[in-house]
Amino acid sequence: RKISEDTTPPKIVNVESPKIGMTKTEVEKSTWGKPNKINRTRTSYGTHEQWCYNNNKYIYFEDGIVTSIQD
């Protein structure tokens, strides 16, 4: 009996650094991954989040979209 091998080529995953305009899901899949802590502020202007990472790195979101990155 012949055992077939999977000949499907491996998927190439293009992992990139966070960028302004990304969504939360895209940031989680980026090279920074999930944050250590999330600080959330809700105002009449919308929801603002600060995602905190090691080495004093931060990503800021407004209504779920990256508006600034501090590294």
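The table for this structure:
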read-out	value
Relative packing of peptides 36-44, 50-58, 21-29 - highest average C-beta neighbours within 10 Å first	21-29, 50-58, 36-44
Residue-normalised accessible area of the range 16-71, expressed per residue, 1.4 Å probe, Å²	68 Å²
Extended-chain gain in nm, criterion 0.36 nm per residue less alpha-carbon gap, residue 25 and residue 45	5.0 nm
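The values are calculated or read from the model by the stated rules, or taken from the named source; none is laboratory data. Computed from a prediction, not measured in an experiment: that's the story for all the values here. Here Cβ is always computed from backbone atoms with ideal geometry, including for glycine, and neighbour counts include all displayed protein chains. Side chains included, ligands, DNA and RNA excluded: accessible areas come from the protein's heavy atoms. Shrake-Rupley method; radii C 1.70, N 1.55, O 1.52, S 1.80 Å.
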